[in-house]
Amino acid sequence: MAGASQARDTGWNWMIEPYAWAATIGTDLQTRSPPIEGEGELRFPDILDKLDGVFQLRVEGQGDRAGLFADFTYMGISSDRTGRVAETSTDLDMRLFEAASTWRTGSARGQGLELFAGVRHIDVDLKVGFDPVNPLLVGRVLDEGRSFTDLMLGARYTWALSDRWGLTLRGDGSLGDTEGTWNAGLTAHYRTGGGAWLFGYRHLQADLETDNAQAEVAMSGPTIGYGFRF
């Protein structure tokens, strides 16, 4: 790859990190047609039983001052619930993509303050079916899907605690197609010969609105991954 060769010649370091985000998902949903209003929370142990698929990957490159990163999360969840009034079925597919350029204010790599600017893209497909227990009532289906793209601005600070241990605090916000999204996280990293283990906690909250629905979605939980450096 020409790009990778050029990056090595200019002294860039790269990392590819597959990771897992054990997030609890909270939702607050209001729709106009059919009229639905409610909130709920799916904790990660419950999500495991309902997962249709999950994939999470982060890529980052760092030069002397400039850098870039990209982060992708896919999560598919389906569930069925039987209540006293109706049976409900829910299918949720969500894709979250972030990409940004970074600028380090100091000269030391891997520590200090970094500012970043980029985009956050959220793609959500939600289908909810309501089948009333009473045969005299008519069932309804909510089928909503939309993509949201925001301008993202943020900062992160990394402390080098020792030759192997480090700690990074990150915060950012984005605005555009969403009504506002913010994200915060704390990550500890332990360097090894070929990369680093990364352990942390992340919270993301997004306010989404379509012509037919308003939703507040929050994802919060621990993260763990391994970054391969080259």
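The values are calculated or read from the model by the stated rules, or taken from the named source; none is laboratory data. What you see is a predicted model; the values in this text were computed from it and never measured. Cβ atoms come from the backbone with ideal geometry, glycine included; neighbour counts cover every protein chain shown.
Can you name every residue in the stretch 104-153 that is free of Cβ contacts under 8 Å to residues at least 12 places away in the same chain, within 30 Å of residue 61 (Cα to Cα) and of a type in the set (Val, Ile, Thr)? If the condition is that a residue be free of Cβ contacts under 8 Å to residues at least 12 places away in the same chain, within 30 Å of residue 61 (Cα to Cα) and of a type in the set (Val, Ile, Thr), then 105 is the only one that fits. Considering 174, 162, which residue is exposed (fewer than 14 other Cβ atoms within 10 Å of the Cβ), free of Cβ contacts under 8 Å to residues at least 60 places away in the same chain and of a type outside the set (A, V, I, L, M, F, W, C)? The match here is 162. Among the conditions (1) over 18 Å from the mean Cα position of the chain (by Cα); (2) in contact (Cβ under 8 Å) with a residue 60 or more places away in the chain; (3) farther than 20 Å from residue 18 by Cα, residue 195 misses just one, which is (3). Among the criteria (1) in a strand (DSSP E or B); (2) exposed (fewer than 13 other Cβ atoms within 10 Å of the Cβ), the one residue 168 does not fulfil is (2).
Table: residues versus (1) surrounded by 14 or more Cβ atoms within 10 Å (Cβ to Cβ); (2) under 18 Å from the mean Cα position of the chain (by Cα); (3) more than 21 Å from residue 168 (Cβ to Cβ).
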residue	(1), (2), (3)
99	yes, yes, no
103	no, no, no
107	no, no, no
111	yes, no, no
118	yes, yes, no
123	yes, yes, yes
127	yes, no, yes
130	yes, no, yes
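When 140, 146 are checked against the criterion of being under 27 Å from residue 213 (Cβ atoms), of a type outside the set (A, V, I, L, M), surrounded by fewer than 18 Cβ atoms within 10 Å (Cβ to Cβ) and in contact with a Pro (Cβ under 6 Å, 6 or more places away or on another chain), a single residue qualifies: 140.
How about the stretch 208-230: which of its residues are among the hydrophobic types (A, V, I, L, M, F, W, C) and under 30 Å from residue 144 (Cα atoms)? Before the answer, list the steps.
Within the stretch 208-230, the first condition is being among the hydrophobic types (A, V, I, L, M, F, W, C), and the residues that meet it are 208, 213, 215, 217-219, 224, 228, 230.
Within the stretch 208-230, 208, 213, 215, 217, 218, 219 qualify.
Candidates 205, 214: the one that is outside any loop (DSSP other than H, G, I, E, B) and modelled with pLDDT of 95 or more is 205. Applying the condition of being of a type outside the set (Phe, Trp, Tyr) and surrounded by fewer than 16 Cβ atoms within 10 Å (Cβ to Cβ) to the stretch 192-202 and asking which residue is modelled with the highest pLDDT yields 192. When the stretch 77-98 is filtered for residues that are at pLDDT below 80 and aliphatic (A, V, I, L, M), the ones remaining, listed by number, are 85, 86. Out of all the residues in the stretch 31-49, is one or more under 18 Å from the mean Cα position of the chain (by Cα), among the basic types (Lys, Arg), modelled with pLDDT of 80 or more and under 28 Å from residue 222 (Cα atoms)? So far as the stretch 31-49 goes, no, none of its residues is under 18 Å from the mean Cα position of the chain (by Cα), among the basic types (Lys, Arg), modelled with pLDDT of 80 or more and under 28 Å from residue 222 (Cα atoms).
Would you say residue 84 is of a type in the set (D, E, K, R) and buried (at least 16 other Cβ atoms within 10 Å of the Cβ)? No.
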